[in-house]
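Enquirer: I have a structure I would like to understand better, so I am pasting it below and will then ask my questions one at a time.
The values are calculated or read from the model by the stated rules, or taken from the named source; none is laboratory data. Just so it is clear, the structure is predicted and the values come from calculations on it, not from any experiment. Methodologically, a virtual Cβ is constructed for each residue, glycine included, from the backbone with ideal geometry; neighbour enumeration extends over all protein chains shown. Heavy atoms of the whole protein, side chains included, go into the accessibility calculation; ligands, DNA and RNA do not. Shrake-Rupley method; radii C 1.70, N 1.55, O 1.52, S 1.80 Å.
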Amino acid sequence: MISFIICLLLLIGGYFVYGKIVENTFAPDDRETPAVKINDGVDYVVLPQWKLFLIQLLNIAGLGPIFGAMQGALWGPIVFLWITFGTIFAGGVHDYFAGMLSERNEGASISEVCGIYLGGAMKNVMRIFSVVLLVMVGTVFAVGPAGLIVTLFQNGGVSGILSSKEFWLWIILAYYFIATFISIDKIIGKIYPLFGICLIIMAIGVAFGIFTNSEYVIPEIWSNFRNMEPTGKPIWSFMFITVACGAISGFHATQSPLMARCMKSEKQGHFVFYGAMVCEGVIALIWAAAGCSIYEVTGGLNTGLAAALSNGQSAAIYDVCKKTMGGFGVALAMLGVIACPITSGDTAFRSARLTLADWFKFDQKNYKNRLLLCIPLLGIGAFVGHLDYSIVWRYFSWTNQTLAMIVLWTASMFLYKEKKNYWITAVPATFMSAVSMTYFFCASECLNLGTAVAYPAGIILAACFLGIFTYATRKQPKRA
């Protein structure tokens, strides 16, 4: 438990110390923001800072800091280190620059931002990457909540259409269509802050349940500094890809522009972007601790957690809520866990609409133009939602972290041009390049070449990317 508390304190301290260093490196000023300058009443709308924070938290959270963290706990308490240091030095930095670079460029989608600093070719790559990722995220965050709702009804002895996953999937997709189509302040600005508070209370409830139950003991990192994954999957780079949103996630870069279009001042960025990522890191740390402490360990391996997860993510999350908080806690926690992915899913489709709108120059004030983008996007989402969920999730994980890698390189180029310390983003960009490329060579759904090839190949490619960046900076003019 001591190592958990240390990591928790490091996360909180990281917000105040390293988060401030990141903010000072970017140097926000008093220029007019896109929300004030453009203000179209649909996507560019000024919102108060507390709403910006809670909406950003819900937009980026989804199932990532919950299911991803529990999956990461299969490797043991060593996952605490990745959640903590990944959040402080990679995830928070990534989210802050994704939001602030969008804000500095009229609230542009992340694909357009990457094009501004990395060139037209990368812009087109990111356009495709972003839309594919967002549709996968929206789909994952429709299928997941549908399963959770069904689990609730089935455990309550309810049968019929209310216990049908297909029924709830279509209900959620119908809501996604409405939320994607209408202006951001109609639903998102009004009810998301309430769900954000619910999500935070839920995490506190799980933590309280662990601390007050003598049966649950959070293992120490130093006593379990080894791979505890039952099937023997290596820590590098599988754990780093699996945890995803709990440490760093490219999906966040697609969401941050939504709030960049609603900020009254650039100086809100530290709290809204870096702060929301740290809050998500805390949530992920709590759920990882739950996975490490509640379930049985056999022969130094997390077999009990593996068995719980084998019943499906919905059942595993329900089980943790029931064991830590009882009946009332289950109702509260399940509301948060259901609302959390739904509120990320609808903004995923919203971000996809805005990415396509920026791509094809579709004015989104026009209802017809919004319909022309919303209908095909949700249609594709409905199709993908009927594919194998586990396969969609695995491809989402790699795509997600690869996008994070590209965004960090984008921020590095921005900082170079501004004559600022670009190593604050170039170091995590190099690290995430190694993570993504190693996984691409090693994972069974990718090239499946084995660790003997994947490890050196991933590291060599990461070094090459750093070399390409260094070479490119010599050809790029700095700001006068």
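Enquirer: Kindly provide the set of residues from segment 424-445 that are closer than 16 Å to Pro234 by Cα, surrounded by fewer than 20 Cβ atoms within 10 Å (Cβ to Cβ) and either in contact (Cβ under 8 Å) with a residue 12 or more places away in the chain or in contact with a Pro (Cβ under 7 Å, 6 or more places away or on another chain) (or both), ordered by number.
Expert: Listed by number, the list holds a single entry, Glu445.
Enquirer: Go through segment 145-175 and give me each residue that's modelled with pLDDT under 80 and touching a Gly at 6+ places or on another chain (Cβ under 7 Å).
Expert: Passing the criteria: only Gly147.
Enquirer: Can you tell me which residue among Ala288, Ala253 is touching a His at 6+ places or on another chain (Cβ under 8 Å), crowded, with 24+ Cβ neighbours inside 10 Å, outside any loop (DSSP other than H, G, I, E, B) and of a type in the set (A, V, I, L, M, F, W, C)?
Expert: Ala253
Enquirer: Condition check: modelled with pLDDT of 95 or more, among the small types (Gly, Ala, Ser) and closer than 24 Å to Ala357 by Cβ. Does Ser109 satisfy that?
Expert: no
Enquirer: Among the residues of segment 57-65, is any of a type outside the set (A, V, I, L, M, F, W, C) and either under 23 Å from Glu220 (Cβ atoms) or modelled with pLDDT of 95 or more (or both)?
Expert: yes
Enquirer: While we're here: Please go through segment 62-74 and give me each residue that is hydrophobic (A, V, I, L, M, F, W, C) and not in a helix (DSSP H, G or I), ordered by number.
Expert: Leu63
Enquirer: May I pose another question? Say we look at segment 27-73 and pick out the residues that are among the small types (Gly, Ala, Ser) and in contact with a Cys (Cβ under 8 Å, 6 or more places away or on another chain); which of these is nearest to Ser344 (Cα to Cα)?
Expert: Gly62
Enquirer: Restricted to segment 243-257, and to residues that are more than 8 Å from the chain's Cα centre (by Cα) and modelled with pLDDT under 90, which residue is nearest to Phe53 (Cα to Cα)?
Expert: Looking at residues that are more than 8 Å from the chain's Cα centre (by Cα) and modelled with pLDDT under 90, I get Gln255.
Enquirer: If you scan segment 75-112, which residues turn out to be acidic (Asp, Glu), part of a helix (DSSP H, G or I) and farther than 16 Å from Gly250 by Cβ?
Expert: Glu103
Enquirer: Has segment 152-168 got at least one residue that is within 22 Å of Ser256 (Cα to Cα), among the charged types (D, E, K, R) and assigned to a helix (DSSP H, G or I)?
Expert: Within segment 152-168, none of the residues are within 22 Å of Ser256 (Cα to Cα), among the charged types (D, E, K, R) and assigned to a helix (DSSP H, G or I).
Enquirer: Restricting to segment 300-322, name every residue that is touching a Leu at 6+ places or on another chain (Cβ under 9 Å), assigned to a helix (DSSP H, G or I), closer than 15 Å to Leu74 by Cα and of a type outside the set (A, V, I, L, M).
Expert: Gln313 - this is the single residue of segment 300-322 that is touching a Leu at 6+ places or on another chain (Cβ under 9 Å), assigned to a helix (DSSP H, G or I), closer than 15 Å to Leu74 by Cα and of a type outside the set (A, V, I, L, M).
Enquirer: Give the residues of segment 208-250 that are open to solvent by 10 Å² or more (accessible area, probe 1.4 Å), farther than 30 Å from Phe441 by Cα and in a loop (DSSP other than H, G, I, E, B), sorted by residue number.
Expert: Passing the criteria: Asn213, Ser214, Glu215, Tyr216, Val217, Pro219, Glu220, Trp222, Ser223.
Enquirer: Among (1) modelled with pLDDT under 70; (2) surrounded by fewer than 24 Cβ atoms within 10 Å (Cβ to Cβ), which single condition is Ala333 missing?
Expert: Condition not satisfied by Ala333: (2).
Enquirer: If you take the residues of segment 339-363 that are β-branched (Val, Ile, Thr) and open to solvent by less than 10 Å² (accessible area, probe 1.4 Å), which of them is modelled with the lowest pLDDT?
Expert: Filtering first and then ranking leaves Thr343.
Enquirer: Related question: Tell me the residue from Val42, Val46, Val36 that is open to solvent by 40 Å² or more (accessible area, probe 1.4 Å), hydrophobic (A, V, I, L, M, F, W, C) and outside any helix (DSSP H, G or I), please.
Expert: Val46
Enquirer: Looking at segment 344-463, what helices (runs of 4 or more DSSP H) fall wholly within it and have at least 3 residues that are touching a helix residue (DSSP H, G or I) at 6+ places or on another chain (Cβ under 7 Å) and among the aromatic types (Phe, Trp, Tyr)?
Expert: Correct list: 389-417, 423-442.
Enquirer: Does Ala179 satisfy the condition of being open to solvent by less than 30 Å² (accessible area, probe 1.4 Å), modelled with pLDDT under 90, in a helix (DSSP H, G or I) and in contact with an Asp or Glu (Cβ under 8 Å, 6 or more places away or on another chain)?
Expert: Here the answer is yes, as Ala179 does meet what is asked.
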